2 protein chains.
Amino acid sequence: MIHATKEIPGYAYGSKDIQLSPVSMQELEELKVTVGWTDDDPIYLRLAGEVLEDQTKQIVDHWRNGIIASIPDLARHSQTPEGDRIPAYVANSGERFEQWILDTCRRPYDQDWLNYQLEIARRHTSASKNKVDGVRSTPYVPLRDILAFIVVINETIKPYLAAKGHSAEDVAKMHLAWCKSLQLQTALWTKLYMDTAHTPSEW
Amino acid sequence: MIHATKEIPGYAYGSKDIQLSPVSMQELEELKVTVGWTDDDPIYLRLAGEVLEDQTKQIVDHWRNGIIASIPDLARHSQTPEGDRIPAYVANSGERFEQWILDTCRRPYDQDWLNYQLEIARRHTSASKNKVDGVRSTPYVPLRDILAFIVVINETIKPYLAAKGHSAEDVAKMHLAWCKSLQLQTALWTKLYMDTAHTPSEW
């Protein structure tokens, strides 16, 4: 099951309100070649989706409360400028964070997926951060922090991928496919960070 | 031994000709926190340096001739606009690529290291690509391709890290430290890609 069983606030995957990605499907295909994408990767991502399905709440809690909350430089992105927690923002973006894990594993990487990558980037830049939830918080999450935190995400997902008793080989394949997808996604997100610059882009 | 035993063409680590990084040591420290850097990481990177020292030629050959050469979109960056190979460019940048592996493992991450990260970024963007070697080639390597290829680098380094008979646990720690460093480095490189845009930067 790809889709959420309940309504997730602000989750708009596939909606007509989502902008068209400035990246073409052809460019996505080229990027998949660079990342070393193989036919095995969607298979092992789907397996990861089965494995992670009932663990997403625990995983996001691990990332946010176990790690991000202890790093003020990161924690501030879900707080007010005065440093107050915004419980509804944390809850809603947490549910979207959970769904993103499953989308990473289960969605076909088609035009809707590509468009939603732009939307994810918009929600981390001044293009759209805070707007979906109507909150006052930091205007954007710096690109460097997103890139750096990917390492933590990739490392900490490992025990969750191994939690259902799959062989070490299968866990490694799930993990590699996961890492490829995350690097593919972050590469796509960087385009918006560069485009906000109205530049001769070297993306 | 950190330094190269022989002169590497265009390798200018620590030289007075290298520009000062726009990133402060304080920002680097914050980024290390985000990436989950621990006191173990430099230790395991140094161990990786010992392990990789006599394998760098083989590794770079694996990356460039084994992988990049078969992906036209990547191979073009060491070719002329007409698609011809530039042997001296390939040779010189290959030696620097080898040295970069050792610098990643052995250099202290100090101001010189930070400055050389800027220099590496300059040599991949229109700021300085081709200039050191005086060649005609693509004006820049797109950021997306650098980010995407990091996955391949991280995956293919594994057997080389394991090649000297260290325990699986030690190999995993070397690999994690390596992945943290590469993500840290690529995060730093993205700043120049965004700065070429003369923007209100969200780096």
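The values are calculated or read from the model by the stated rules, or taken from the named source; none is laboratory data. Bear in mind that the values here come from a model prediction, so they are computed numbers and not experimental data. Ideal geometry is used to build each Cβ from the backbone, glycine not excepted, and the neighbour counts take in all protein chains shown. Each accessible area value is taken on the protein alone, full model and side chains, heavy atoms only, with ligands, DNA and RNA left out. Shrake-Rupley method; radii C 1.70, N 1.55, O 1.52, S 1.80 Å.
Using Cβ point charges alone (K and R +1, D and E -1), the dipole size of the protein assembly as shown about the Cα centre works out to roughly 420 debye.
Would you tell me the mean number of C-beta atoms belonging to other protein chains that fall within 10 Å of each C-beta in B:151-161, as a whole number?
The shielding value for this peptide is 3.
Look at the stretch A:179-186: the mean tally of other chain Cβ atoms within 10 Å of its residues' Cβ atoms is 4. For B:His124, the solvent-accessible surface computed with a 1.4 Å probe is close to 60 Å², ligands and nucleic acids excluded.
Projected label points at A:Ala91 and B:Glu7, each 7 Å from Cα along the beta carbon direction, are separated by 6.9 nanometres. Look at where the Cα atoms of segment B:99-145 and of segment A:1-75 average out, and the two centres are 31 Å apart. The lysine pair tally for segment B:38-180, using Cα distances under 26 Å and a gap of 8 or more places or different chains, is 11.
Excluding B:Lys164 itself, calculate the net charge of residues whose Cβ lies under 11 Å from the Cβ of B:Lys164, where each Lys or Arg counts +1 and each Asp or Glu counts -1.
That works out to -4.
Of the residues A:Leu184, A:Val132, A:Tyr116, the one whose Cα sits farthest towards the positive end of the charge dipole of segment A:47-203 is A:Val132 (charges of +1 on Lys and Arg Cβ, -1 on Asp and Glu Cβ, taken about the Cα centre).
If you wrap the Cα atoms of segment A:85-199 in a convex hull and average its projected area over all directions, you get 8.2 nm². The alpha carbons of segment A:46-131 give a radius of gyration and a Dmax of 14.2, 42 Å, in that order. Residues of chain B were split at every exposed loop site, defined as trypsin sites (Lys or Arg not before Pro) in a DSSP loop with at most 16 other C-beta atoms within 10 angstrom, and the longest piece left, sites excluded, is B:17-130.
Its Cα centre serving as origin, chain B has a Cβ charge dipole (Lys and Arg +1, Asp and Glu -1) of approximately 500 debye. Over chain B, dividing the summed -39,500 (n - 2.57) contributions of all DSSP H runs of at least 4 residues by the number of residues returns a 222 nm mean residue ellipticity of -17000 deg cm²/dmol. Applying the Karplus relation 6.51 cos²θ - 1.76 cosθ + 1.60 with θ = phi - 60° to segment A:34-41 yields 3J(HN,Hα) values of 5, 7, x, 4, 10, 5, 5, 4 Hz, where x marks Gly and Pro.
Largest mean-square fluctuation among A:Glu95, A:Glu50, A:Glu27, in a Gaussian network model of chain A whose springs join Cα atoms under 10 Å apart, belongs to A:Glu27.
Think of chain A as a dipole: +1 on every Lys or Arg Cβ, -1 on every Asp or Glu Cβ, centred on the Cα centre; then among A:Gln58, A:Met25, A:Gly14, A:Gln58 lies furthest on the positive end. Over all other residues within a Cβ to Cβ distance under 10 Å of A:Trp178, the charged ones net out to +2, with Lys and Arg as +1 and Asp and Glu as -1. In terms of overall dimensions, the C-alpha atoms belonging to segment B:85-149 reach 34, 23, 22 Å along their principal axes, ordered largest to smallest. For peptide A:34-44, the mean count of partner chain Cβ atoms within 10 Å of a residue's Cβ comes to 3. Measuring nothing but alpha carbons in chain B and taking Rh as the Kirkwood radius, the Rg to Rh ratio lands at 0.94.
When the alpha carbon gyration tensor of segment A:136-203 is reduced to an equivalent ellipsoid, the three semi-axes, largest first, read 32, 15, 7 Å.
Considering only A:Gln58, A:Gln111, A:Gln26, the mean-square fluctuation computed in a Gaussian network model of chain A, springs between alpha carbons under 10 angstrom, is largest for A:Gln26.
Computed over chain A with a Gaussian network model linking Cα atoms closer than 10 Å, the most mobile of A:Ser70, A:Ser128, A:Ser181 is A:Ser70. The rule of thumb for compact globular proteins, 2.2 N^0.38 Å, goes into the C-alpha radius of gyration of the protein assembly as shown 0.97 times.
Accessible area per residue, 1.4 Å probe, Å², for the protein assembly as shown: what's the number?
Using a 1.4 Å probe on heavy atoms only, each residue of the protein assembly as shown averages 43 Å².
The dipole here belongs to segment A:78-183: it is taken about the Cα centre, uses +1 on the Cβ of Lys and Arg and -1 on the Cβ of Asp and Glu, and is about 120 debye. Per the 1.4 Å probe, what fraction of the accessible area of chain B, in percent, lies on carbon and sulfur atoms? Answer for chain B: carbon and sulfur cover 54 percent of the accessible area. Other residues whose C-beta falls under 14 angstrom from the C-beta of B:Thr125 contribute a net charge of +2, scoring Lys and Arg +1 and Asp and Glu -1.
Excluding ligands, DNA and RNA, what is the accessible area buried between chains A and B, summed over both sides, using a 1.4 Å probe, to the nearest 100 Å²?
For chain A against chain B, roughly 3400 Å² becomes buried.
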